[in-house]
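Notes for the one structure printed next.
Please treat every number below as a calculation from the coordinates, not as lab data. Please read these numbers as outputs of a predicted model, since none were measured by experiment. Every residue, glycine as well, gets a Cβ built from its backbone with ideal geometry; the counts of neighbours run over all protein chains shown.
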Amino acid sequence: MHELVGALRSYAWGSRTVLAELCGRPVPSAHPEAELWFGAHPADPAQVHIDGRTESLLEFVAADPQRQLGAVAPEFGGRLPFLLKILAAEEPLSLQAHPSAAQARAGFEQENLQRVPLDSPMRNYRDDSHKPELVVALNRFEALAGFRDPHRTVALLTALAVPELKQYIELLAAQPDSSGLRTVFTTWITLPQAMLDTLLPKVLDGCVHYLAEGHDEFTPEARTILELAEAYPGDAGVLAALLINRITLEPGQGLFLAAGNLHAYLNGVGVEIMANSDNVLRGGLTPKHVDVPELLRVLDFEPLALPIVTAEPVGDCSFRYRTPATEFALRRFELEAGAEPTPIPRTGPGIILCTAGTVRLLQGGGDDLVITPGGAAWISAADTDIRAQAVDGAAQLFCACVGGE
Ligand SMILES: [Zn+2]
C-alpha cells in the first residue's frame, strides 16, 4: 500500500474553487481545475510515494505487472485497466460518445495507417480500447445522456410551440423509434450554418416563452437548452440536445455510459471511473475536434430509459455500483466516527480515494496510511487485509478495482 497523488487537469469547463476546496488548497485556483486523475494513463499518470521518493504509477506498474496487478495482468496486457477521476464541471462538457471495443480497434488501426500523429488534436482514436464509464455524483450532478423516448420528445417539441419544428415533430410522431431519431439527429447535427442560424433562435424563443408561461413539465429541459446556447452560440449540438434525456443525479447515484451512448455532463462534482482509454467522438458543444460522420457511425439511436445506477448496500457501510464493465468495479464506503476498521474487499489491484473526512488505512503487517479528501492510496494485488477507519468525524471513501465481481 502506497500513497498516491492525483494528476490535476485544467480545462476551461472546470472550477476554480471545487477541487481546491476539496483538497484544502487556497481558492480561487490559478486555473479552472476540471479533473484529478488517479491512474496509469500515459497522458497523465498519478504519482506513487515509495520510501520518500516519487514514481509514476505507469512506470511502477510496468516494472512489475505480476506483483502489482496479480492474476489479471495477462488479461489487460500488463496495464492497469481502469482510470479513476474526481471531476468538477462548472460549464457543460462536449456532446460525445465512445466507441465499442471493435470500433475502437478498427478506428485506431485506420488512423495509424493514415499516419495521424498520436498527439494530434485531429485524432479520434488515441488507443485501441473501448471506454465504458460510470460517474457517481458527490453533489447534485446534471447531465444529458441517451436518446429520450421519442413520444416524450414529441411532447417536448410540441410544448415549445415553434412552428419551424413542425416537420420534425411529424417525422418523430410517425416513426417513434431509432430510425426516426437517427433521421432527426443526423439532419440537425449536419444542418448548414445559415439554416441553423434561422432555426436555433426560434427554438430559443420557444424555450423562453415556455418558461415565462410557468409550465413545469419540461422546465429543466428548456433551461438547459438556453444555457447551452449561451455557452455555445450557433452550435448544432444545442438543437441535438433536445433529443437527449436530461438527468439529475442526487449525491450517491451513478450514471453508466455504455458504448454509443450520446452524452454531455452539464454541471456538478463526481467520482468517475472508466476503462483506461481516451477515445472520444464529439458532435459539438466544444472548441475541441468534432467529427460528426465518425460520431454518427458509433452512435446507438435506440431510445434509452435513464441509465441511472443505484448504489446497492453491501454490509453496513459499503455500497456497490453494478455495471457490465470488466475493466472496473466501484464501491463507496460511508465510514462512521468511532467504528471498528472496515475491510475493503477487492479484485486485483485497487485505488482507494478519500472524498470526505480523514481516513486511516490499515494493512496487515504493514504501516498505516492516513488520507484526507482528494488523497488516495495504491493497493497492489499482493497487498492483503486492507481496512479503513474514520479518524475524527464521518468519512467517505471510494474503492476502485478490476471488474467482474
Ligand atoms: Zn464520456
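For segment 270-316, the Kirkwood hydrodynamic radius from C-alpha pairs, put into Stokes-Einstein at 10 °C and a viscosity of 1.306 mPa s, yields a diffusion coefficient of 111 µm² per second. Largest first, the three principal axis extents of the alpha carbons in segment 81-189 are 46, 39, 22 Å in whole numbers. For segment 1-104, the Stokes-Einstein estimate of translational diffusion at 37 °C and a viscosity of 0.692 mPa s comes to 212 µm²/s, using the Kirkwood hydrodynamic radius over alpha-carbon pairs. Pairwise Cα distances in segment 276-388 exceed 23 Å in 48 percent of cases.
Annotation: lysines with alpha-carbon distance below 27 angstrom to residue 85 (same-chain offsets under eight excluded): 131, 288. Restricting segment 52-84 to GluC sites (Glu not before Pro) that sit in a DSSP loop and have at most 14 other Cβ atoms within 10 Å of their own Cβ leaves 75. Highest mean packing comes first when the peptides 265-271, 305-311 are listed by Cβ atoms within 10 Å, giving 265-271, 305-311. In a DSSP loop and with at most 12 other Cβ atoms within 10 Å, there are no chymotrypsin sites (Phe, Trp or Tyr not before Pro) in segment 327-389.
Placing unit charges on the Cβ atoms only, positive for Lys and Arg and negative for Asp and Glu, gives the chain a dipole magnitude near 440 debye about its Cα centre. In degrees between 0 and 90, to the nearest 10, how far off the longest principal axis of the chain does helix 178-189 point, with axes built from Cα atoms? Once rounded, the angle reads 80 degrees. Between residue 388 and 342, 344, 362, the built amide H atoms are under 5 Å apart, and every one of these is 5 or more places off in sequence or on another chain.
In terms of Cα atoms, the Rg and Dmax of segment 118-253 work out to 16.5, 51 Å. The long axis of helix 150-159 is offset from the longest Cα principal axis of the chain by roughly 60 degrees.
Across every pair of non-identical alpha carbons in segment 324-405, the mean reciprocal distance, once inverted, gives a Kirkwood radius of 12.6 Å. The HN-Hα couplings worked out from phi for segment 73-85 by the Karplus form 6.51 cos²θ - 1.76 cosθ + 1.60 (θ = phi - 60°) are 3, x, 4, 10, x, x, 10, 5, x, 10, 10, 9, 9 Hz, whole numbers, x standing for Gly and Pro. Between segment 138-162 and segment 377-405, the alpha-carbon centres lie 38 Å apart.
Taking a ≥ b ≥ c as the square roots of the eigenvalues of the Cα gyration tensor, an a/c ratio of 1.5 or more together with a/b no larger than b/c marks segment 238-283 as oblate. Computed across segment 192-306, the Kirkwood radius stands at 15.9 Å (inverse of mean 1/r, all Cα pairs). With no solvent and one equal point scatterer per Cα, compute the Debye intensity ratio I(q)/I(0) for the chain at 0.06, 0.07, 0.12 Å⁻¹ and report its log10, rounded to two decimals. Computed log10 I(q)/I(0) values: -0.26, -0.35, -0.97.
The value of relative contact order for the chain, using C-alpha pairs under 8 Å at least six residues apart, is 22 percent. The gain in end-to-end length when the residue 209 to residue 109 segment is fully stretched comes to 31.1 nm, 0.36 nm per residue minus the alpha carbon separation. One quarter of the surface of the convex hull around the alpha-carbon atoms of segment 296-342 equals 5.4 nm², the direction-averaged projected area.
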